[in-house]
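The block underneath contains the structure these notes are about, expressed in structure tokens.
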Amino acid sequence: MIVTPDGAVAAGLLPLLWAAAVASLVLAAALALVPRLSLLSPILSTVGGACALALGCGLLTTGSSLAATGGNVLGMAALSVRYDGLSGAFLIAFGLSAAAAALSVVGEQPRSRPEGAAFPLFLGSILLVLGANTGFSFLLAWESMALLSAFLVVGLRPTRAVVSAGNVYLAMTHVATAAILIAFAILAAGSGGQLDFAAWHAAVPNLTPVTRDVVLVLVAVGFTTKAGAIPFHSWLPRAHPVAPSHVSAVMSGAMIKTGIYGLIRLIVDVMGGSPDWLSLAILGIGAISAVMGVLYAVMQHDIKRLLAYHSIENIGIILIGLGSSLLLQAHGATELAALALAAAIFHSINHAAFKSLLFIGAGAVIHATGLHDLNRLGGLGRKMPVTMLTFGIGAAAISGLPPLNGFASEWLTFQGLFGAAGSVAVEPLARFAAAATIGALALTTALAVACFVKATGVTFLGLPRSAAAAAAHETTIPARAAMGFLAALCVGLGLAAGPVAGALTTVARSTLRVGGTPAARVAAVASGPGSGEAATYAALALGLLMLAAIAVVAIFSHSRTRARRVDTWTCGIAPKPAFQYTATSYSKPIRLFFRRVLVPEREVRVEYHPGTAFPSSISYRSEITLLLEDRVLKPVHQLSLRGANFARKLQGGAIQLYVAYIVIAVLALLLWAR
Amino acid sequence: MNGSTTTTALLAVIQLIGFVVFAPFLAATIKRTKAGLQSRRGPGLLQPYRDLIKWWGKKPLESSASGPVARYAPAFVLGTIVTAALLVPWATSRTPLLGWGDLLVVVGLFAAARFALALAALDSGSAFGGMGSSRDVAISALAEPGLVLALAGAAIAAGSSDLGAISAFGIGQGIGLLGPAHLLAAAAFAIVVAAESGHYPVDNPDTHLELTMIHEGMLLEASGRSLATLIFASELKLAVLAAIFAAVFLPFGAATELAPLPIAFGLVAGMIKMLIVGQGLAFVDASIAKVRILELPDLLGLASLLALAGLAVQVLLP
């Protein structure tokens, strides 16, 4: 394998980092299979993730790129990677998620030894996806990633429910791969059989408009399925609750981002943009995913399913950024297009940080109590202060609260929408669509606040709602370190949002092939104050001011006398844990407000002591209807099953039948070619 | 009209003192007018100050179930809203902290305050805290699209989402500012102000009946300085919302140059505009019934639709 840097001299360290990342992941996989040494495997995976993170930062700061070619796989084609700034940005998301997830399981035995080995290989496959620069390498890495992640979800000894979740995931991910494969085949045919992304880009002008549109649609469908956007989302909430928490952290933090990476790489970089109808479709899918994702999330009381629905929401926010960028680019508003694309990339990195943190935190809670159900948790903060603090920071970050990182990227996404709605070059109806999306994004962020107050408050505050919750204990030191690292990143990326957004805008500009120097008077995230004309978010200055204001008020209002401890007011009777609002009751107002979309059903069953009016037990069950799954996905699913049954009939197994098919096919071909 | 760092610091100090002194007074005038409309005399205009001083000196009680979240949330809430208060134009058309943050930052700071308060309400394990908290976050979720969309129209017209730039643009437009898009957005924002500040027809600011409280329900376990801090924070938030309404929808009267006389005039003009917004709230408080909680989506959805209609007029009609 040859490693050649084709960038500046300062980038000389980058090939070493890349080689170190690959080597430690491969070694980690090998060690996981050795009985005595298997505990070293997560440590090496952590090193691999950290190297990828450093590589990403290096690519971003030096502006150089890194290429490597080698190995003929099965005599078909060479493996080839080329990491540029865009790869670097997504390497950061991948690296921080992978390093923290691997660190969180240091010292723990995996579910089984093969799973222990599959995890570093899964990380390695994502590393390759982000660099692959030929169709062949990309699909090879992509498919390895899909299969390894499916294996990690299902495990060696799955229950029936887990197998079903795994099947849904495998089916969806292969629909995605099929769409991408066809698109790649068309692109390869269009460029005279070449597999290079660069060659495909050069050949795009030769494609007919129809071919171009077909490729764009296939790419969009394939990659949004991997990203988990609605309506291709149904695998996400099934796969996450059954996967181990550190696997969920990487799947949600890094793997679904490869879908976003693929969209940007293929649509922006290779195809050079998209027509308005597709940009608006991506914007619309983003808005629907964001709103419906968070609405379904609020309704969940399984902590991991709640987080899974939030991934759909955040992918939606990222797609809103991407959609507005494509729209702006098509109408020559390149500076704003770069800003919106930077927003999408920034949110991908931020989501990797806080979602990995929240999944590791959820894992800690499940580990400490054995419970997934929020309705049986409560009061864990006293037993798990580090988990509460870090989970709380992650919750505030994902809710888009200043001065944390989630706010900075959502602010940029909003600015992209303001730009699209205000650009006179854009069609009026498209401008109105962008304006309406502003409302959808505002609704999303406010519902996210509701959801994470619920998730954090019901889990960590109040009184324990079950014996298991009362007996909880703090998680392991490596897991605490992993959460601490990610929480520090949520704060750090928030306060340093100015330089980070600046670097990502540079990446976005080069991906969009924008030349020249940046024009003034575009909204920006900066460290210090702006001019007051174009909108500015002075992340560092404002964050410090906010912290100072809070500190001053806290010191000033600190009571000289010690507070007297009294029971919580419950109208005169002794407080009990059952008096508290549960996760289900907390989300009731939202369930009622959005009843036309959520279609909630409830069932109250009361049993009485025989012959009296005194109830002996009351049970309450409440469920929401997943309209999209029932009305859209189920019919599609049934149709494809019927199609499969028909196809099975064609395959009768008799050799005469197959000979007959061949004869018919040859005859038909002869007739056609006549 | 940019001025130096000293000007920025001076304006920030003036505005901070202005808001701290004026916010309880604004709350008092609302109570007073509401009482008058209901044929009562109502508390004096200094009563909010007396209340705050009284709570400040009280010995605090803390729930035995609650911990650091409930203890530090009041400081977080007030600190956050004080920060927001410096990002809103009052006396001048520019914001005191020039270029530190735009309307989205103010909305984000409000969300941060709400997050902390709603979380603190769950800390004591009280049913009433959960009730208030869950209703507050749900209602805010309905109000937020209206809030952002109403301001988005003005931001798109001004070409910047900086509140100072929006205000200056509005002053520059003169009477021509008051077109249909502007009026629709103003109507939407008015509904949102009522919802966000816990006034009729969404919440009753004077109720202490446990089952109907929303904002007050979250404060049930707070006492002493914590209570004073939280009450003051909600008075301040109302004043900031009124100031945003004044700066975006009635920007006239604010100083466009940094000279003592226009600034003094702008201070008084801003105060009068905020009092007018407060009187509007008092009038609504006294004259209509509270909307059933199940029908709030209709009311707040109306706000979003009005704002969207404003945007449609602005974007689709050249």
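The values are calculated or read from the model by the stated rules, or taken from the named source; none is laboratory data. It should be emphasised that the depicted structure is a prediction, and the values quoted were computed from it without experimental measurement. Ideal geometry is used to build each Cβ from the backbone, glycine not excepted, and the neighbour counts take in all protein chains shown.
Every residue, every condition in (1) within 8 Å of chain B (Cβ to nearest Cβ); (2) within 30 Å of A:Thr387 (Cα to Cα), yes or no:
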| position | (1), (2) |
| --- | --- |
| A:Val424 | no, no |
| A:Leu429 | yes, no |
| A:Ala433 | no, no |
| A:Ile438 | yes, no |
| A:Ala442 | yes, yes |
| A:Leu461 | yes, yes |
| A:Arg465 | no, yes |
| A:Ala468 | no, yes |
| A:Ala471 | no, yes |
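Would it be correct to say that B:Ala243 is buried (at least 22 other Cβ atoms within 10 Å of the Cβ) and more than 20 Å from B:Gln173 (Cα to Cα)? Working first, answer last.
On the way: buried (at least 22 other Cβ atoms within 10 Å of the Cβ): yes; more than 20 Å from B:Gln173 (Cα to Cα): no.
Taking the combined requirement at face value, the residue does not satisfy it.
Criterion first (assigned to a helix (DSSP H, G or I), on the phi < 0 side of the Ramachandran plot and touching a strand residue (DSSP E or B) at 6+ places or on another chain (Cβ under 8 Å)) does B:Arg71 satisfy it?
So B:Arg71 fits the description; yes.
Restricting the first residue to the stretch B:76-94 and requiring it to be more than 7 Å from every other protein chain (Cβ to nearest Cβ), which pairs with a second residue that is of a type in the set (Gly, Ala, Ser) and part of a loop (DSSP other than H, G, I, E, B) meet a Cβ separation below 8 Å and a spacing of at least six or different chains?
Every condition considered, the pairs that remain are B:Leu87/B:Gly101; B:Pro89/B:Ala254; B:Trp90/B:Ala254; B:Ala91/B:Ala254; B:Thr92/B:Ala254; B:Ser93/B:Ala254.
Among the residues in the stretch A:333-340, are any touching a Lys or Arg at 6+ places or on another chain (Cβ under 9 Å), among the hydroxyl-bearing types (Ser, Thr, Tyr) and at pLDDT below 95?
Yes, the stretch A:333-340 has at least one match.
Can you confirm whether B:Ala111 is within 23 Å of A:Lys588 (Cα to Cα), modelled with pLDDT of 95 or more, of a type in the set (A, V, I, L, M) and in contact with a Phe, Trp or Tyr (Cβ under 6 Å, 6 or more places away or on another chain)? Lay out the reasoning, then the answer.
Working: within 23 Å of A:Lys588 (Cα to Cα): yes; modelled with pLDDT of 95 or more: yes; of a type in the set (A, V, I, L, M): yes; in contact with a Phe, Trp or Tyr (Cβ under 6 Å, 6 or more places away or on another chain): no.
No, not satisfied.
Do you know which residues across the stretch A:388-422 are within 8 Å of chain B (Cβ to nearest Cβ), surrounded by 24 or more Cβ atoms within 10 Å (Cβ to Cβ) and over 30 Å from A:Ala479 (Cβ atoms)?
The answer is A:Trp411, A:Phe414, A:Gln415, A:Phe418, A:Ala421.
Are there strands (runs of 3 or more DSSP E) fully within the stretch A:493-612 with at least 2 residues that are more than 25 Å from A:Val294 (Cβ to Cβ), free of Cβ contacts under 8 Å to residues at least 40 places away in the same chain and small (Gly, Ala, Ser)? List them.
none
Among the numbered criteria (1) within 14 Å of chain A (Cβ to nearest Cβ); (2) surrounded by 22 or more Cβ atoms within 10 Å (Cβ to Cβ); (3) in a helix (DSSP H, G or I), which one does B:Asp298 miss?
B:Asp298 satisfies all of (1) within 14 Å of chain A (Cβ to nearest Cβ); (2) surrounded by 22 or more Cβ atoms within 10 Å (Cβ to Cβ); (3) in a helix (DSSP H, G or I) except (2).
If you check B:Leu258 against the conditions, is it in contact (Cβ under 8 Å) with a residue 40 or more places away in the chain, assigned to a helix (DSSP H, G or I) and out of contact with any Asp or Glu (no Cβ under 8 Å at 6 or more places or on another chain)?
no
For the stretch A:66-115, how many residues meet the condition of being touching a strand residue (DSSP E or B) at 6+ places or on another chain (Cβ under 8 Å), within 15 Å of A:Leu127 (Cβ to Cβ) and among the hydrophobic types (A, V, I, L, M, F, W, C)?
6
Listed here are the residues, each with its yes/no results for (1) of a type in the set (Asp, Glu); (2) surrounded by 21 or more Cβ atoms within 10 Å (Cβ to Cβ); (3) within 10 Å of chain B (Cβ to nearest Cβ).
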| residue | (1), (2), (3) |
| --- | --- |
| A:Ala497 | no, yes, no |
| A:Thr517 | no, no, no |
| A:Val525 | no, yes, no |
| A:Gly528 | no, no, yes |
| A:Ser531 | no, no, yes |
| A:Tyr537 | no, yes, yes |
| A:Leu545 | no, yes, yes |
| A:Phe556 | no, no, yes |
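Taking the stretch B:114-128 as the search range and keeping residues that are facing another protein chain (nearest Cβ under 7 Å) and part of a helix (DSSP H, G or I), which one is surrounded by the most Cβ atoms within 10 Å (Cβ to Cβ)?
Going through the qualifying residues, I end up with B:Leu122.
Keeping to the stretch B:98-113, report how many residues are more than 7 Å from chain A (Cβ to nearest Cβ) and part of a loop (DSSP other than H, G, I, E, B).
Result for the stretch B:98-113: 0.
If a residue must be over 20 Å from B:Leu294 (Cβ atoms) and either polar (S, T, N, Q) or surrounded by 13 or more Cβ atoms within 10 Å (Cβ to Cβ) (or both), how many such residues does the stretch A:594-626 contain?
5
Might you check whether a residue that is among the acidic types (Asp, Glu) and more than 8 Å from chain A (Cβ to nearest Cβ) occurs anywhere in the stretch B:138-151? I'd like the intermediate steps shown before the answer.
Step one: of the stretch B:138-151, the residues among the acidic types (Asp, Glu) are B:144.
Now drop any that are not more than 8 Å from chain A (Cβ to nearest Cβ), which leaves none.
Checked the stretch B:138-151: no residue is among the acidic types (Asp, Glu) and more than 8 Å from chain A (Cβ to nearest Cβ).
Check B:Leu78 against each of (1) assigned to a loop (DSSP other than H, G, I, E, B); (2) under 30 Å from A:Met388 (Cα atoms) and name the one condition it does not meet.
Failed condition: (1).
Right, A:Thr224: more than 24 Å from the chain's Cα centre (by Cα), at pLDDT 90 or above and either hydroxyl-bearing (Ser, Thr, Tyr) or not assigned by TED's automatic domain parsing to the domain that holds A:Ile345 (or both) or not? Break it down into steps so the answer makes sense when it comes.
Details: more than 24 Å from the chain's Cα centre (by Cα): no; at pLDDT 90 or above: yes; either hydroxyl-bearing (Ser, Thr, Tyr) or not assigned by TED's automatic domain parsing to the domain that holds A:Ile345 (or both): yes.
For A:Thr224, the condition - more than 24 Å from the chain's Cα centre (by Cα), at pLDDT 90 or above and either hydroxyl-bearing (Ser, Thr, Tyr) or not assigned by TED's automatic domain parsing to the domain that holds A:Ile345 (or both) - is not met.
Would you point out the residue of the stretch A:256-305, among those that are in contact with a strand residue (DSSP E or B) (Cβ under 8 Å, 6 or more places away or on another chain) and not hydrophobic (A, V, I, L, M, F, W, C), that is farthest from A:Tyr83 (Cα to Cα)?
Only one residue tops the list, namely A:His301.
Which residue pairs have Cβ atoms closer than 9 Å, lie 6 or more positions apart in sequence or on different chains, and pair a first residue in the stretch A:644-661 that is of a type in the set (Lys, Arg) with a second residue that is surrounded by 10 or more Cβ atoms within 10 Å (Cβ to Cβ) and assigned to a helix (DSSP H, G or I)?
Between residues of the stretch A:644-661 that are of a type in the set (Lys, Arg) and residues that are surrounded by 10 or more Cβ atoms within 10 Å (Cβ to Cβ) and assigned to a helix (DSSP H, G or I), there is no close pair.
Just the residues that are within 7 Å of chain B (Cβ to nearest Cβ) and under 41 Å from the mean Cα position of the chain (by Cα), please, taken from the stretch A:558-576.
Of everything in the stretch A:558-576, those that are within 7 Å of chain B (Cβ to nearest Cβ) and under 41 Å from the mean Cα position of the chain (by Cα) turn out to be A:Thr568, A:Pro575.
Here are some residues: A:Gly272, A:Gly228. Which one is on the phi > 0 side of the Ramachandran plot and surrounded by 20 or more Cβ atoms within 10 Å (Cβ to Cβ)?
A:Gly228
Please determine, by comparing only the residues of the stretch A:97-133 that are more than 18 Å from the chain's Cα centre (by Cα) and of a type in the set (S, T, N, Q), which one is nearest to A:Gly363 (Cα to Cα).
A:Ser104
Given (1) out of contact with any Leu (no Cβ under 8 Å at 6 or more places or on another chain); (2) within 8 Å of chain A (Cβ to nearest Cβ); (3) buried (at least 24 other Cβ atoms within 10 Å of the Cβ), identify the lone condition not met by B:Lys59.
If we test B:Lys59 against (1) out of contact with any Leu (no Cβ under 8 Å at 6 or more places or on another chain); (2) within 8 Å of chain A (Cβ to nearest Cβ); (3) buried (at least 24 other Cβ atoms within 10 Å of the Cβ), just (3) comes out false.
Can you confirm whether A:Glu313 is touching a helix residue (DSSP H, G or I) at 6+ places or on another chain (Cβ under 7 Å), charged (D, E, K, R) and part of a helix (DSSP H, G or I)?
yes
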